[in-house]
Amino acid sequence: MQLTFCKYQATGNDFIMVDNRHDFFPKNDTKTIERLCHRRFGIGADGLILLETDNSTDFRMVYYNADGREGSMCGNGGRCIVAFAKYLGIIDTHCSFVAFDGVHRARISGDVVALQMQDVSQIHVKPKYLFLDTGSPHHVQLWEDWETLDAEKEGKRLRYGLYGEKGSNINFVNPLESGHFEVRTYERGVESETYSCGTGVTAVAIAMHELGRASGSEAILETKGGNLRVCFTKEGAVYSDIWLEGPAEQVFKGSVS
Ligand SMILES: N[C@H](CCC[C@H](N)C(=O)O)C(=O)O
């Protein structure tokens, strides 16, 4: 298979982007997707994303984790595909697209993409952590010994220990000054720590607000790959108008056979 692709990154969360509007991509070939994402044997990426046609929105996003399996929503990937759609000339500055968890609106200005996430109403608050779904499942836990945190080891332990085979993404949080949080994320499907996770920082912003650690309706999340901004409104128990904003850029183009 001759495959042309573009490589994108958003705060260090990186993706292989493929224009699949002609429906040529072997979507059930888990092994090929895994190999393309492999950092030694392939292009290297945290995930692979297909841009496809959709009848009622500007395009469809199909997201695969680096293990080759179709994942749930990806916030950073969602921001990258908006930049890709702009590059392909499909959209201008505003768009809507459909993904795993429904329709998203987005806007792009320079290299900054803001993406609207689905409303969140179910938040499980446990004594040591919170669990919520922001398009993907997320465990959010405050972590005290930040400097010595082994996110890879602890993430794997919680991902399998608490959530079994289906798993969850695991976020560790270090509160900084008001409304600012440092976040490290272990991603299921990649099965390691990534530089940043969009649905993850969205979950962290909401979880911190829920715990009363972020009084306003905005949070700045500092990840290994840079800063992201999440804003939202809360009415009753529902978080709505949730926007995830930050940089997303094309890194290179290429082809593989
Ligand atoms: N990196 C992604 C999250 C992918 C979620 C994926 N790991 C799964 O649970 O299927 C993001 O920016 O939101």
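The values are calculated or read from the model by the stated rules, or taken from the named source; none is laboratory data. Since the structure is predicted, the reported quantities are computational estimates derived from the model, not experimental observations. Glycine also receives a Cβ, built like all others from the backbone with ideal geometry; neighbour counts cover every protein chain displayed.
Considering only the stretch 127-134, I want to know if a residue exists there that is more than 16 Å from the ligand (Cβ to nearest atom) and either in a strand (DSSP E or B) or crowded, with 22+ Cβ neighbours inside 10 Å (or both). Yes, the stretch 127-134 contains a residue that is more than 16 Å from the ligand (Cβ to nearest atom) and either in a strand (DSSP E or B) or crowded, with 22+ Cβ neighbours inside 10 Å (or both).
Pairs, please: C-beta under 6 Å, at least 6 apart or cross-chain, first residue in the same structural domain as Met17 (by TED's automatic domain parsing) and closer than 15 Å to Ala45 by Cβ and in the stretch 71-85, second within 6 Å of the ligand (Cβ to nearest atom) and of a type outside the set (A, V, I, L, M, F, W, C)? Final answer for the pair search is Gly71/Asn65; Gly71/Gly189; Asn76/Asn13; Asn76/Gly198. With respect to Val62, determine if the residue is within 26 Å of Thr223 (Cα to Cα), within 16 Å of the ligand (Cβ to nearest atom) and not in a helix (DSSP H, G or I). Yes. Looking across the stretch 108-126, the residues that are within 16 Å of the ligand (Cβ to nearest atom), over 22 Å from Lys224 (Cβ atoms) and in a strand (DSSP E or B) come down to Gln116, Val120.
Residues of the stretch 233-248 that are crowded, with 16+ Cβ neighbours inside 10 Å and either over 22 Å from Ser178 (Cα atoms) or more than 17 Å from the chain's Cα centre (by Cα) (or both): Tyr239, Pro247, Ala248. For the stretch 31-49, the set of residues classified as surrounded by fewer than 21 Cβ atoms within 10 Å (Cβ to Cβ) and either outside any helix (DSSP H, G or I) or more than 20 Å from the chain's Cα centre (by Cα) (or both) consists of Lys31, Thr32, Arg35, His38, Arg39, Arg40, Phe41, Gly42, Ile43, Gly44, listed by residue number. Filtering the stretch 44-58 for residues that are away from the ligand (no atom under 16 Å from the Cβ) and under 20 Å from Glu245 (Cα atoms) leaves a non-empty set. Of the strands (runs of 3 or more DSSP E) lying entirely inside the stretch 159-206, the ones with 3 or more residues being more than 14 Å from the ligand (Cβ to nearest atom) are found at 169-175, 180-187.
Among the numbered conditions (1) buried (at least 19 other Cβ atoms within 10 Å of the Cβ); (2) not in a loop (DSSP other than H, G, I, E, B); (3) not hydroxyl-bearing (Ser, Thr, Tyr), the only one that Lys253 does not meet is (1). For the stretch 83-101, the set of residues classified as away from the ligand (no atom under 13 Å from the Cβ) and part of a loop (DSSP other than H, G, I, E, B) consists of Leu88, Gly89, Ile90, Ile91, Asp92, Thr93, listed by residue number. Here Asp67 fits the description: within 15 Å of the ligand (Cβ to nearest atom) and either farther than 18 Å from Thr194 by Cα or at pLDDT 95 or above (or both).
Beta carbons closer than 6 Å, at least 6 apart along the sequence or on distinct chains, pair a first residue in the stretch 188-203 that is in contact (Cβ under 8 Å) with a residue 60 or more places away in the chain and over 18 Å from Ile123 (Cα atoms) with a second that is assigned to a helix (DSSP H, G or I) and more than 6 Å from the ligand (Cβ to nearest atom) for Arg188/Arg159.
In the set (1) within 17 Å of Ser196 (Cα to Cα); (2) buried (at least 24 other Cβ atoms within 10 Å of the Cβ), the condition left unmet by Met17 is number (1). Starting from residues that are of a type in the set (S, T, N, Q) and assigned to a strand (DSSP E or B), keep the ones in the stretch 1-30 and report whichever is nearest to the ligand (Cβ to nearest atom). Out of the qualifying residues, it is Asn13. Across the stretch 71-82, not a single residue is classified as part of a strand (DSSP E or B), at pLDDT 95 or above and closer than 21 Å to Leu228 by Cα.
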